[in-house]
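Visitor: So that we are looking at the same thing, I have put the structure below in structure tokens.
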Amino acid sequence: MTDKRDAILSVKNVTKTFEGIRALEDVSFDVKSGHIKALIGPNGAGKTTLLNAINGIMSPDSGHIHFLGHDVVGHSADRVAGLGLSRTFQLIRMFTINNATVLDNVLLGAHMQLKPTLFESIFSRGKVNKAERKACDRAMELLRFVGLEKAADAAPGSLPFGNQRLVELARSLMTNPKMLLLDEPASGLNDTEVESFTELLRSIREKGITILLVEHNMKLVMNIADDIVVLDFGKKLAEGTPQAICANPQVIEAYLGTTQTECRLEP
Amino acid sequence: MKLLKQFWWILPLAFIAFYPVTLAGGSPYWSGLLIFVGIYVILTVGLDLLMGYTGQISVGHAAYFAIGAYASGILTAKYGFSPLGAMVIGMVLTGIVAWALGRPVLALKEYYLAMATLAFNEIVVTLIIGLEWLTGGASGLRDIPSFSIFGLVLSNHVHYYYFVWAIVIIVIACSLAVVRSPFGRTLVAIHSDEVAARAFGVDTAKYKTRIFVLASVFASMAGSLFTHYMGFLAPDDFGVLTSINILVMLFLGGIGTIFGPILGAFFMKLLPELTYQIHDYELLLSGLILIIVLVFMPKGLFGIFTAIWEKMFAKADK
């Protein structure tokens, strides 16, 4: 009965133009609660633009985006985050000023739970420290979950890119999200790392967190995605199960290529 | 060595506590010098919260220094308020001005923010000169009483010195509490990457405004302390040059460190005393030292201190 599950995210007729170039044209699709949906397509197809529209970093020119029943078009990114939507970035965005560590980065994910105020920071240290200790425990737990507890005190920039992406994932999980937008999280990972990352995504899904995954690694996508939507030149080219997408001649021509070596399901 | 590592802060505290009675030997001039240092520490620490931690440039910090100073000066000299009451009113007034200004102005970035803060500094100075009936205009505001708390008059320089430094220590303690808390982490996130901070639920405009208000209230306090020490106010003390001086102290001491501004303020205020002998070349020499520090020591004086400190303990630990 999974097909009857409600859509947690619903994108309707979204269009965005940058100086005359159609980055997104009338894109519509749903993401079902508890699913991993992959968003694939060639470079420049509009995938990151779509993620930016969903989490409120930019507003689309027209169309609607419903997240948990709220129309989030026009909401600022911090309000969308408050509804339980978190994300990682294709170009890694770590907080690095003032020697911020990996742990500091993950702890920022607790911002919405801690809601720090000046008054409490100065006059209510006991309460602040207690909440901070709890957040610290949780952050270390998440770093352990992504396999980076030993890097907690490292500068984020000193880690390999693949690991920085895992720190971003831990930081997003720290917000206790209902849904995650992951923008090419596996780029920079080698084959073994991709395998353990696939397991990681599975266990995140098991926790009931919905994922919209932008990814070029087709092996990962085919292994994990419940369904796939394909963008090409800002338009939706196809949508369906991994098997259907693999067999779709239009998708093969536009993106997958004719060799299809990566595009098969693991037994 | 271990004791030193843990209790190092006793040394500067002891210096501050015994300075007027030992080194300064009760001399009003030398005590007065450190009163100025203390006032500038308050200003610079506030600016460090705004610039060093939150990454919001301000080239007009003297504007809030001015509002505090004139609020205290006018209310005590003309309307007979108690200095403490006037100081609190000044802080509230400055806080309201900073809050009203913060939202629109802090939406600007970099050069535009610098220009807007600079312009506000100029506006405040122009108002001080223009509102002659209230502020005394260019000829200044006279007959400002010494500071007094609950009838105890602090006209003695040594007494006032202790009062000012008690406030300095409170300001530093508050600032450390802010930056070493989740609030400080949020400020650093805004400084690093505003878009990413927003994606994690940070209402960046709100947090920038809050820290701007705190920095301005600190500056207002410094203004009130300055007023009662001088007994006389003139608009020259609050121009853009003063704002730039505060900026220089911040960068010289080490931005984003809280302790750096203390060193910066000491250095900038004491340098003229050291170069006093070669009077004619004073400005040249202090300018030269400044350039050397800024070019060769990007982390400022505090960076040098921590480097020496770490070397010292690296050896001790072996």
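Visitor: Would you be able to say whether some residue in region B:124-135 is of a type in the set (Ser, Thr, Tyr) and either crowded, with 18+ Cβ neighbours inside 10 Å or within 30 Å of B:GLY260 (Cβ to Cβ) (or both)?
Guide: yes
Visitor: Name the helices (runs of 4 or more DSSP H) wholly within region B:1-98 that hold at least 3 residues that are within 30 Å of B:LYS109 (Cβ to Cβ) and among the hydrophobic types (A, V, I, L, M, F, W, C)?
Guide: By residue number, B:28-47, B:62-77.
Visitor: Can you name every residue in region B:165-208 that is within 15 Å of A:PRO116 (Cβ to Cβ), buried (at least 19 other Cβ atoms within 10 Å of the Cβ) and more than 7 Å from chain A (Cβ to nearest Cβ)?
Guide: Within region B:165-208, B:SER175, B:VAL179, B:GLY184, B:LEU187, B:ILE190, B:ALA197, B:THR204, B:TYR207, B:LYS208 qualify.
Visitor: Another question, then. Before we move on, is A:GLU199 under 17 Å from A:ASN217 (Cβ atoms) and in contact (Cβ under 8 Å) with a residue 24 or more places away in the chain? Before you say what the answer is, go through the steps one by one.
Guide: Values: under 17 Å from A:ASN217 (Cβ atoms): yes; in contact (Cβ under 8 Å) with a residue 24 or more places away in the chain: no.
For A:GLU199, the condition - under 17 Å from A:ASN217 (Cβ atoms) and in contact (Cβ under 8 Å) with a residue 24 or more places away in the chain - is not met.
Visitor: Let me ask another. Are any residues in region A:96-106 without any contact (Cβ under 8 Å) to a residue 24 or more places away in the chain and either under 27 Å from A:ASN43 (Cβ atoms) or crowded, with 22+ Cβ neighbours inside 10 Å (or both), and if so, which ones?
Guide: A:ASP104
Visitor: Among the numbered criteria (1) within 12 Å of chain B (Cβ to nearest Cβ); (2) more than 21 Å from the chain's Cα centre (by Cα); (3) not small (Gly, Ala, Ser), which single criterion is violated by A:MET112?
Guide: Here A:MET112 meets the rest and fails (2).
Visitor: Among residues belonging to region A:76-95 that are in contact with a Pro (Cβ under 6 Å, 6 or more places away or on another chain) and within 9 Å of chain B (Cβ to nearest Cβ), point out the one that is surrounded by the fewest Cβ atoms within 10 Å (Cβ to Cβ).
Guide: A:MET94
Visitor: Looking at the structure I just gave you, is B:SER31 modelled with pLDDT under 95, more than 16 Å from the chain's Cα centre (by Cα) and surrounded by 22 or more Cβ atoms within 10 Å (Cβ to Cβ)?
Guide: In short, yes.
Visitor: Then there's this: Only residues that are hydrophobic (A, V, I, L, M, F, W, C) and within 19 Å of B:ARG185 (Cβ to Cβ): list them for region A:65-88, please.
Guide: A:ALA77, A:ALA81
Visitor: Test B:PHE7 against the stated conditions and say whether it is surrounded by fewer than 18 Cβ atoms within 10 Å (Cβ to Cβ), closer than 23 Å to B:GLY260 by Cα and of a type outside the set (Asp, Glu).
Guide: yes
Visitor: Write out, first by first residue and then by second, each pair whose Cβ atoms fall under 6 Å of each other, whose residues are 6+ apart or on separate chains, and whose first residue, in region B:116-131, is touching a residue at least 60 places away in the same chain (Cβ under 8 Å) while the second is of a type in the set (S, T, N, Q) and not in a helix (DSSP H, G or I).
Guide: These pairs meet every condition: B:THR117/B:SER58.
Visitor: Another question, if that's okay. Just to be sure I understand the filter: pairs with C-beta atoms under 7 Å, separated by 6 or more residues or on different chains, first member in region B:196-210 and in a loop (DSSP other than H, G, I, E, B), second member buried (at least 23 other Cβ atoms within 10 Å of the Cβ) and small (Gly, Ala, Ser). Which pairs pass?
Guide: B:PHE200/A:ALA81; B:PHE200/A:GLY109; B:GLY201/A:ALA81; B:VAL202/B:ALA189
Visitor: Just wondering, is there one or more residues in region B:160-175 that are out of contact with any Lys or Arg (no Cβ under 8 Å at 6 or more places or on another chain) and outside any helix (DSSP H, G or I)?
Guide: no
Visitor: Right, next: Check off (1) within 14 Å of another protein chain (Cβ to nearest Cβ); (2) at pLDDT 95 or above; (3) surrounded by fewer than 23 Cβ atoms within 10 Å (Cβ to Cβ) for A:ASP137 and give me the number that stays unchecked.
Guide: Single failed check for A:ASP137: (1).
The values are calculated or read from the model by the stated rules, or taken from the named source; none is laboratory data. For clarity, every value in this text was computed on a predicted model and none was experimentally measured. A quick note on method: Cβ atoms are made from the backbone with ideal geometry, for glycine too, and the neighbour counts reach across all protein chains shown.
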